[in-house]
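Participant: Dropping the structure in here first, questions after.
The values are calculated or read from the model by the stated rules, or taken from the named source; none is laboratory data. This one's a predicted model, so the numbers in the text were calculated from it and none came from an experiment. Here the Cβ is made from the backbone with ideal geometry for all residues, glycine too, and neighbour counts use every protein chain on show.
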Amino acid sequence: MAPWTALRPLCGPRLFARFLSTTTTTYPPSHEFFNFTRCRFLYNEEANLKKRHLLFDVSELQNAVLRATGASSVLSMTKLHESFANRVFLLHLDNGARVLAKLPYARTGATLATASEVATMAFAREQLDVPVPNVLDWSTRPGNDTVRERIGSNYIIMELARGRQIAWVWDELALEQKESFMQLVAVLQSKISSVALPAYGSLYFADELDGLGISRALSVPVPEDPRFVVGPNAGPEWYKRERAQMEIDRGPWTDVLECIRAPALRERAWISAHAVQWDPEEEPNPVSGPQAHVLAIDDYLKLAPYLPPPVGNDFPALRHLDISPTHIFVTHTEDGIAISDVIDWLYTEAAPLYLQVGLPWEIMRPFAIWPPPKVKISNDASTPPPERPAAPDREAQDEYERARCSWAYYDAMNECDPAWLEMGVDSTRPVRQHPTLQAGCSWGNRPWTDHLPALRYSLAHVTRGWDDLMRDRARFANLEPVECPVVYSDEELTAIKEKFEEWDRMQSTFDQLPFIYREGGAIPHDSYDSAKEALQEMYDQAMKDLEPVMNEAELARAPVAFPFRDGADWD
């Protein structure tokens, strides 16, 4: 999104709105309002565009905006931004206000996601003291059923974010301002994860449960503010493909073990019912195919009870999925710089705190603090700030700035949330995190989306790090150690390692080709022709390289294994 200056509310929603209907205009289905025009797709373009085609009644949406703002007419409406999940429109009103209308693409689970996003924004603003744009109206609000039907889509009407995106101004900031900002990021993270919610899942308004079809039994009230409840997880992974129609446990969960088992059980159920061997000519084997996935998930379920830390860092805390430079807005103040708004709360969930913690480098990388500085920045509060080099060249100056920003982040975290830093550098962190994160995305219909090698590798890490887990179990929970319930032979460990390294090389190769790998080969319009030509050359070379090492039957099947083609399955 471009940076815009926001106006605060001119009146409460629906109050004394002087309403004059906008001029009715008929828009053809080919109009850009309804279609994804941000970029092209190098493969599966028709399917990708179809997923993001959204027909709605423009006049009815504008009428909803007028009712929410008290304006009389819409002067203009433009498509401001479109992501791979929703489309955002900017509306200029006759009373001088400018507001946004955010419409998600039609998909199963979109109604729950909209309701949860609005409730989460309100909770962040009112309970966590995090600045977020004010929401004026939304489709799941009680009494808005007929409005949603007339518009033909879920919607959120909100104010513009105040200030400018930090991504737009980062290079303009002095080093002291960058340091100040990284301290603000640390405080922001601490605020978001500071409240222990009563359950794991997604936030909703209590008075919307009936309209959403959520049973009161499937909600846990937030004691601090009973307007909010934790309900079923609204994340897209719970509604993907046949999962939307399956009887699976989507939460909420009051027990951490139930929470970390649920994604694995979801994938196990789906794989057992719907997964198909991607290459019918290939015999099932111990390291690939649906049955291998099920066996790996079963191993995970045996290990899961021992993965949460025994020191109380497993409580349900909110997790913003993308604290990045494009989602944080800043303003200049007399004291320097301030975070004015945080946007994009879609799919925010209450998750176990220990699953959210990352190394500081992982958190700071989006803010151009990469690569990590060569000087070691310790989480010890007594560590002095890095010193400026005597005669810095450009490289030395960049290194110095990264070190200073890193130190500023550490320093602020030591002040506001030292436990977060301690968890980040805990040697058992990846052993506890990675299996759970991989078990929820283990199945891939093709080798390039198959996370089984990563899941099995993470499980092998648990078996190797078992003594460390048992040490913490005895030290912090005063529990006797137990034998590891999963044992791999040396031959199995070797096969797991080799398969993972092969998978990791493939992922690294794909990461170097973001223009064809991400989101179905999303590519800017002006780069499409040249990228399409390069992709064809890549395919021709791949087929040529296979000729000496494959027989005729294998060569006939080889094109199916090329991931960047129409028909390639990336779900």
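Participant: Is it true that Arg52 is more than 18 Å from Ala106 (Cβ to Cβ) and either modelled with pLDDT of 95 or more or charged (D, E, K, R) (or both)?
Facilitator: Taking the combined requirement at face value, the residue does not satisfy it.
Participant: While we're here: Does Asp472 meet the test of being modelled with pLDDT of 95 or more and part of a helix (DSSP H, G or I)?
Facilitator: Details: modelled with pLDDT of 95 or more: no; part of a helix (DSSP H, G or I): yes.
When the stated conditions are applied, Asp472 does not pass them.
Participant: Same structure, new question: Being in contact with a helix residue (DSSP H, G or I) (Cβ under 6 Å, 6 or more places away or on another chain), in a loop (DSSP other than H, G, I, E, B) and modelled with pLDDT of 85 or more narrows it down to one residue among Leu479, Leu459, Leu455; which is it?
Facilitator: Working: Leu459 fails: in a loop (DSSP other than H, G, I, E, B); Leu455 fails: in a loop (DSSP other than H, G, I, E, B).
Going through Leu479, Leu459, Leu455 in turn, the sole match is Leu479.
Participant: Separate question: List every residue pair whose Cβ atoms sit under 8 Å apart, with the two residues 6 or more apart in sequence or on different chains, where the first one lies in region 198-223 and is within 21 Å of Pro316 (Cα to Cα) and the second, anywhere, is crowded, with 20+ Cβ neighbours inside 10 Å and charged (D, E, K, R).
Facilitator: Tyr200/Glu349; Gly201/Arg250; Gly201/Glu349; Ser202/Glu349
Participant: Here's another thing I want to ask about it. Go over the candidates Leu452, Leu421 one by one and state the one that is more than 30 Å from Ala174 (Cα to Cα) and buried (at least 16 other Cβ atoms within 10 Å of the Cβ).
Facilitator: Exactly one of Leu452, Leu421 is more than 30 Å from Ala174 (Cα to Cα) and buried (at least 16 other Cβ atoms within 10 Å of the Cβ), namely Leu452.
Participant: Related question: Applying the selection to region 484-499, what residues are of a type in the set (Val, Ile, Thr) and either closer than 18 Å to Asp468 by Cβ or crowded, with 16+ Cβ neighbours inside 10 Å (or both)?
Facilitator: Scanning region 484-499 gives Val486, Val487, Ile496.
Participant: With the requirement that a residue be in a strand (DSSP E or B) and in contact with a helix residue (DSSP H, G or I) (Cβ under 8 Å, 6 or more places away or on another chain), what does region 71-80 give you?
Facilitator: Once the filter is applied, which keeps residues that are in a strand (DSSP E or B) and in contact with a helix residue (DSSP H, G or I) (Cβ under 8 Å, 6 or more places away or on another chain), region 71-80 yields Val74, Met77.
Participant: A further question on this structure: Here are some conditions: (1) surrounded by 15 or more Cβ atoms within 10 Å (Cβ to Cβ); (2) of a type in the set (D, E, K, R); (3) modelled with pLDDT under 90. Arg40 meets all but one. Which one does it not meet?
Facilitator: So the condition that Arg40 fails would be (3).
Participant: From the list Gly152, Gly211, Gly201, which residue is in contact with a Gly (Cβ under 6 Å, 6 or more places away or on another chain) and small (Gly, Ala, Ser)? Before the answer, list the steps.
Facilitator: Numbers: Gly152 fails: in contact with a Gly (Cβ under 6 Å, 6 or more places away or on another chain); Gly211 fails: in contact with a Gly (Cβ under 6 Å, 6 or more places away or on another chain).
One residue alone meets the criteria, Gly201.
Participant: Just wondering, is there one or more residues in region 430-443 that are under 18 Å from Ser180 (Cα atoms), among the basic types (Lys, Arg) and modelled with pLDDT of 75 or more? Working first, answer last.
Facilitator: Residues of region 430-443 under 18 Å from Ser180 (Cα atoms): none.
Within region 430-443, none of the residues are under 18 Å from Ser180 (Cα atoms), among the basic types (Lys, Arg) and modelled with pLDDT of 75 or more.
Participant: Could you tell me whether Ala234 is of a type in the set (A, V, I, L, M, F, W, C), assigned to a loop (DSSP other than H, G, I, E, B) and surrounded by 18 or more Cβ atoms within 10 Å (Cβ to Cβ)?
Facilitator: Here the answer is yes, as Ala234 does meet what is asked.
Participant: Hey, another quick one. State which residue is modelled with the lowest pLDDT when the search covers only region 346-362 and only residues that are part of a loop (DSSP other than H, G, I, E, B) and surrounded by fewer than 20 Cβ atoms within 10 Å (Cβ to Cβ).
Facilitator: The residue in question is Leu359.
Participant: If only one of Leu75, Leu55 is under 17 Å from Gly152 (Cα atoms) and surrounded by fewer than 18 Cβ atoms within 10 Å (Cβ to Cβ), which one is it?
Facilitator: Details: Leu75 fails: under 17 Å from Gly152 (Cα atoms).
After ruling out the rest, the residue left standing is Leu55.
Participant: How do the helices (runs of 4 or more DSSP H) wholly within region 81-175 filter down when requiring 2 or more residues that are without any contact (Cβ under 8 Å) to a residue 60 or more places away in the chain: which remain?
Facilitator: The qualifying helices (runs of 4 or more DSSP H) are 110-126, 145-151.
Participant: If I go through region 309-347 residue by residue, how many of them are farther than 16 Å from Ser190 by Cβ and touching a helix residue (DSSP H, G or I) at 6+ places or on another chain (Cβ under 6 Å)?
Facilitator: Total satisfying the criteria: 12.
Participant: Same structure again: Return yes when Ala68 is of a type in the set (Gly, Ala, Ser) and within 30 Å of Glu224 (Cα to Cα) and no when it is not.
Facilitator: yes
Participant: State whether the residues of region 207-218 include one that is part of a loop (DSSP other than H, G, I, E, B) and closer than 30 Å to Arg557 by Cβ.
Facilitator: For region 207-218, residues part of a loop (DSSP other than H, G, I, E, B) and closer than 30 Å to Arg557 by Cβ: absent.
Participant: From (1) surrounded by 14 or more Cβ atoms within 10 Å (Cβ to Cβ); (2) closer than 19 Å to Val294 by Cβ, pick out the condition that doesn't hold for Glu247.
Facilitator: Against the list (1) surrounded by 14 or more Cβ atoms within 10 Å (Cβ to Cβ); (2) closer than 19 Å to Val294 by Cβ, Glu247 comes up short only on (1).
Participant: Under 7 Å between Cβ atoms, which residue pairs at least 6 apart in sequence (or on different chains) link something in region 542-571 that is surrounded by 13 or more Cβ atoms within 10 Å (Cβ to Cβ) with a partner that is small (Gly, Ala, Ser) and part of a helix (DSSP H, G or I)?
Facilitator: From region 542-571, the pairs are Met543/Ala558; Leu546/Ala558; Met550/Ala558; Phe562/Ala542; Trp570/Gly520.
Participant: Give the residues of region 120-156 that are of a type in the set (D, E, K, R) and surrounded by fewer than 19 Cβ atoms within 10 Å (Cβ to Cβ), sorted by residue number.
Facilitator: Across region 120-156, the qualifying residues are Arg125, Glu126, Asp129, Asp145, Glu149, Arg150.
Participant: Confirm whether Glu159 is closer than 23 Å to Ile323 by Cα, buried (at least 20 other Cβ atoms within 10 Å of the Cβ) and among the acidic types (Asp, Glu). First the steps, then the outcome.
Facilitator: Details: closer than 23 Å to Ile323 by Cα: yes; buried (at least 20 other Cβ atoms within 10 Å of the Cβ): yes; among the acidic types (Asp, Glu): yes.
Yes.
Participant: Could you tell me which of the residues Arg227, Arg250, Arg266, Arg261 is at pLDDT 95 or above and either in contact with a Cys (Cβ under 8 Å, 6 or more places away or on another chain) or closer than 17 Å to Arg125 by Cα (or both)?
Facilitator: Criteria check complete, one pass: Arg227.
Participant: If a residue must be β-branched (Val, Ile, Thr) and under 30 Å from Arg402 (Cβ atoms), how many such residues does region 122-170 contain?
Facilitator: Count: 4.
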